[in-house]
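Input: a single structure, listed below in structure tokens.
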Amino acid sequence: MNLRQDIRTLDIKTLEEKLAQAGEPKFRARQIHEWLWKKSARSFSEMTNLSKPLREKLEGTFFLHPVSENIVQKSKDGTVKLGMRLHDNRLIEGVMIPDEDRSTACVSSQVGCSLACTFCATGFLKRERNLDAGEIYDQVVLLNKYAIEHNGKPLTNIVYMGMGEPLLNYDNVMQSIRYITSPDGLNMAQKRITVSTSGIAKGIKRLTDEGMKFNLALSLHAATNEKRDKIMDINRSNTLEDVIEALNYFYNKTGNKVTFEYILFDKFNDSLEDAEHLISLYHQVPAFINIIEYNNVEGVELKKAKRETRDAFVAYLKKRNVQVAVRRSRGKDIDAACGQLANKNG
Ligand code: SAH
Ligand code: SF4
């Protein structure tokens, strides 16, 4: 049995107390904290401004288990997919998406996902466990290296759109955002972060009350309960009405518009009648709409909409003054695009 404690789950106050009990001065806690977060140390032995006996003492009392790189794949379009190994040998994936003016990291929040949306490769893996805040943070640190190496600029944006449902790992996701945005951590701006959710109404309300300033995206994909039930099981317990109510709560408190993500599926949700339903939802809460191209997933019957159908759908929305954008898919050749993360090469 491992009685040691994960040092990265301790806040600085607790660390100070623990060190005081061991007869160490207070400032040591700050030094250690800095090593853990700002300098992303991967072991106690790296903490060279601490004495060797103290490092050994730390080693005996705590553990530090960083995420390590497993496989790197690079797409024709410059997208980098990083397969990573956790201390318990489980695998996750994260993606770095380069652009002219930005480098975006797409990070995972869980190993697998419990929600099993019918179109998503991650949903075919069962949820094995939540990632802790340090493991989410590590993905950002590792992907940042590839942003600098392959895109000449550090990460500018982070999206929680990798494996898993972030709001079902609520505490760790929030804690990771706190560290990513803290001056004691990576010091990134909260407004550069987007959390994507399949629509957990309670979680949306809860995060509103945190008073943070990150963006929220809803994976909508169908604009009536009847259709949404068919592809996203979560809709049965969190109906569109529940979710819209939560999103209005979010908007009224933060003033932030949400983004509706809408994958166009051939002959499922791509008719002009579907567009009407979408417009009706759009009028119920201030939002932007992102139309997403479906990335094929083996074994899924749904197919991506035809290009002409998509263009007609988007033109229809635009004519009705809807704020809509079409999102290109990136990294498809290496299964790094949205919904394709499934540890295939693990
Ligand atoms: N669980 C969260 C976040 C991860 S999924 C959520 O569902 O929002 C990231 C995004 O990829 C979601 O919008 C999801 O619906 C979308 N997605 C899933 N499978 C996809 C696929 N095969 N093609 C395109 N997008 C997909
Ligand atoms: Fe999970 Fe999101 Fe995939 Fe649905 S779309 S199975 S919630 S990761």
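The values are calculated or read from the model by the stated rules, or taken from the named source; none is laboratory data. What you are looking at is a predicted structure, and each value in this text was computed from that prediction instead of being measured. Counting neighbours? That spans all protein chains shown, and the Cβs are built from the backbone with ideal geometry, glycine included. Calculation scope for accessible area: heavy atoms of the full protein, side chains included, ligands and nucleic acids excluded. Shrake-Rupley method; radii C 1.70, N 1.55, O 1.52, S 1.80 Å.
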(request) Under 1.5 on a/c is rounded, so check that first for segment 192-346, then, if it is not, pick prolate when a/b is larger than b/c and oblate when it is not; a ≥ b ≥ c are the square roots of the alpha carbon gyration tensor eigenvalues. (result) oblate
(message) Suppose the chain between Thr239 and Glu34 were pulled fully straight at 0.36 nm per residue; how much longer would it get relative to their current alpha carbon spacing?
(response) 69.5 nm
(message) Suppose each label sits 7 Å from its Cα in the direction of the beta carbon; what would the Lys52-Glu17 distance come out to in nanometres?
(response) 3.3 nm
(request) Compare Arg307, Arg129, Arg327 in a GNM of the chain, Cα atoms joined below 10 Å, and give the one with the largest fluctuation. (result) Arg307
(request) List the residues whose amide H sits under 5 Å from the amide H of Arg129, counting only those 5 or more places along or on another chain, with H placed 1.01 Å from N in the peptide plane. (result) Val111
(message) Please compute, for the alpha-carbon atoms of segment 5-63, the extent along each of the three principal axes and give them in descending order in Å.
(response) 24, 22, 20
(message) Exceeding 27 Å between C-alpha atoms, which entries from my cross-link table qualify? They are Lys153/Lys306; Lys76/Lys306; Lys26/Lys205; Lys38/Lys202.
(response) Lys153/Lys306; Lys26/Lys205; Lys38/Lys202
(message) Can you give the local net charge around Leu167? Use residues other than it whose beta-carbon is closer than 10 angstrom to its beta-carbon, Lys and Arg +1, Asp and Glu -1.
(response) +1
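What is the local net charge at Ile136, summed over the other residues whose Cβ is closer than 12 Å to its Cβ (Lys, Arg +1; Asp, Glu -1)? Don't skip to the end; give the middle numbers.
Working: positive: Arg8, Arg178; negative: Asp132, Glu135, Asp138, Asp171.
My count for the surroundings of Ile136 gives -2.
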(request) Return the inverse of the average 1/r over all pairs of distinct C-alpha atoms in the chain, which is the Kirkwood hydrodynamic radius, in Å to one decimal. (result) 21.3 Å
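Would you mind calculating the relative contact order of segment 41-151 from Cα pairs under 8 angstrom and at least 6 residues apart, reporting the percent as a whole number?
Numbers: 165 pairs, mean separation 20.9, N = 111.
Normalised by residue count, the contact order of segment 41-151 is 19 percent.
Antiparallel versus total DSSP beta bridges in segment 1-129: what percent is that, nearest 5? Please list the in-between numbers first.
Numbers: 17 of 19 bridges.
Bridges in segment 1-129 are about 90 percent antiparallel.
Please report the net charge: other residues with Cβ closer than 12 Å to the Cβ of Phe124, K and R +1, D and E -1. Could the numbers behind the result be given before it?
Values: positive: Lys126, Arg127, Lys344; negative: Glu298.
Here the count lands on +2.
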(message) Treating only the Cα positions of segment 89-155 as identical point scatterers, give the base-10 log of I(q)/I(0) from the Debye formula at each q in 0.19, 0.23 Å⁻¹.
(response) -0.77, -0.92
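Given Cα pairs under 8 Å that are at least 6 residues apart, what percent is the relative contact order of segment 68-334? Before the final figure, lay out each step's value.
Details: 524 pairs, mean separation 41.3, N = 267.
Rounded, it is 15 percent for segment 68-334.
In whole percent, and with a 1.4 Å probe on the protein chains, what portion of the accessible area of the chain is carbon and sulfur? Intermediate values should be presented prior to the final figure.
Values: 7790 of 16000 Å².
On the chain, the fraction of accessible area on carbon and sulfur atoms equals 49 percent.
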(request) Calculate one ³J(HN,Hα) per residue across segment 187-194 by plugging θ = phi - 60° into the Karplus curve 6.51 cos²θ - 1.76 cosθ + 1.60, and present them in order as whole Hz with x for glycine and proline. (result) 6, 8, 6, 4, 6, 8, 10, 10
(request) Would you pull out the residues with amide H under 5 Å of Leu10's amide H, same chain only if 5 or more places away, H placed 1.01 Å from N? (result) none
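In what order, largest first, do His221, His283 sit by accessible area if the probe radius is 1.4 Å? Present the calculation step by step, with values, prior to reporting the outcome.
On the way: His221 10, His283 130 Å².
Largest accessible area first, the residues go His283, His221.
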